[in-house]
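Undergrad: Below: one structure in structure tokens.
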Amino acid sequence: MIAALVNLTPGVGRTTLAVNLAGELALQGRRVALLDADGCAGAREWAGMRRANDLPALFDTIAITSSQLRCGVWGLATGFDHILLDTPSRSPAAVRAALLAAETVLVPTLSDPEAMGRSAATMQLVTEALAVEPGLTAALVLIRALDGLAVEPGAEVTVLGLRLPVAAAVVRQRRTFAESRSTGLLVPELEMAGRAEADVRHLVSEVFGRGSASSAG
Ligand SMILES: Nc1ncnc2c1ncn2[C@@H]1O[C@H](COP(=O)(O)OP(=O)(O)OP(=O)(O)O)[C@@H](O)[C@H]1O
Ligand SMILES: [Mg+2]
């Protein structure tokens, strides 16, 4: 599976989610590459923290430019079971490139109406891609959600006339995720069998399939 995490809004949690999804898949025994198309402080920075602390990489983190994304993914497809794309904010060109390269797109979005509104420009790009790429699937992922928020399987969200499915697996506001982003550790390395790991595992199961050995090729 080739999965892109996109949102034009900065700081929504794309990188935190990307590294933890990649880590969970790797811990399940999958061969995983995380492509970092964000020239700023993306997945490479997180991988650098692991190196600095002599922690095992667990998965390959590869720097790539937006213009190399599509060919880069094709070139890597046979070597990995899953490829994840971490993308920059504020770059419609990078989001379009990721949408062209991906099989599924996740739009991490805070769940309050204002944040949803800020995701409308991203949803517009995703909707345009869905119209021309028959194999592409997409879902909003509610991130930093408060306790009590639940999503029914099959639910959809409409923002400014743009409708997209929402993943039933919700990623909650948890300190473990913030610590993961700032330390280079995965959430299960910070808290084994904790609630943050459960959030990630549920999303992995929903997006990549429980125990599936799907190939990126
Ligand atoms: N589920 C969560 N619970 C609590 N804090 C979170 C969660 N997800 C992300 N964060 C925090 O939100 C901040 C932004 O996260 P992150 O860097 O992953 O976002 P981003 O969308 O990749 O940002 P950028 O635009 O800089 O690329 C970080 O401080 C991170 O610790
Ligand atoms: Mg980031």
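Undergrad: Relative contact order of the chain, please, whole-number percent, based on alpha carbon pairs below 8 angstrom and at least 6 residues apart.
TA: 26
Undergrad: How much length would be gained if the chain were fully extended between L130 and A178, taking 0.36 nm per residue of separation minus their Cα-Cα distance, in nm to one decimal?
TA: Working: separation 48, 0.36 × 48 = 17.28 nm, distance 3.18 nm.
Extra length from L130 to A178 when fully extended: 14.1 nm.
Undergrad: Given a 1.4 Å probe and heavy atoms of the protein chains only, how would you sort W74, W46, largest accessible area at the top?
TA: Largest accessible area first, the residues go W74, W46.
Undergrad: In whole percent, and with a 1.4 Å probe on the protein chains, what portion of the accessible area of segment 2-208 is carbon and sulfur?
TA: Numbers: 4920 of 9020 Å².
Answer for segment 2-208 is 55 percent, counting heavy atoms of protein chains only.
Undergrad: Go through segment 149-164 residue by residue and turn each phi into a ³J(HN,Hα) via Karplus (6.51, -1.76, 1.60, θ = phi - 60°); whole Hz please, and just put x for glycine and proline.
TA: 3J(HN,Hα) across segment 149-164, in whole Hz: 6, 10, 10, 6, x, x, 5, 10, 10, 10, 10, 6, x, 9, 10, 9.
Undergrad: Now for a different question. When you count, for each residue, the other Cβ atoms within 10 Å and take the mean per peptide, how do 96-104, 79-87 rank with the highest first?
TA: Details: 96-104: 21.2, 79-87: 24.8.
Ranking, from highest mean packing down: 79-87, 96-104.
Undergrad: For the chain, modelled as a Gaussian network with Cα springs under 10 Å, which listed residue fluctuates most, P56, P188, P108?
TA: P56
Undergrad: Can you give the net charge of the other residues whose Cβ lies under 13 Å from the Cβ of P108, counting K and R as +1 and D and E as -1?
TA: Within the 13 Å Cβ shell, the charges total +3.
Undergrad: Given the options L186, L142, L130, state which has the largest fluctuation in a GNM of the chain using a 10 Å cut-off (strictly under) for Cα springs.
TA: Looking only at L186, L142, L130, the largest GNM fluctuation is found for L130.
Undergrad: Build a GNM of the chain with springs between Cα atoms under 10 Å: which of L106, L25, L146 gets the top mean-square fluctuation?
TA: L146
Undergrad: Taking only protein heavy atoms into account and a 1.4 Å probe, give the accessible area per residue of the chain in Å².
TA: 44
Undergrad: Another question about this same structure. Is segment 2-208 rounded, prolate or oblate when judged by the Cα gyration tensor, a ≥ b ≥ c being the square roots of its eigenvalues, rounded requiring a/c under 1.5 and prolate requiring a/b larger than b/c?
TA: oblate
The values are calculated or read from the model by the stated rules, or taken from the named source; none is laboratory data. The model shown is predicted, which means the values in this text are computed figures rather than measured ones. All Cβ positions, even for glycine, are placed from backbone atoms using ideal geometry, and neighbour counts span all protein chains on display. Heavy atoms of the whole protein, side chains included, go into the accessibility calculation; ligands, DNA and RNA do not. Shrake-Rupley method; radii C 1.70, N 1.55, O 1.52, S 1.80 Å.
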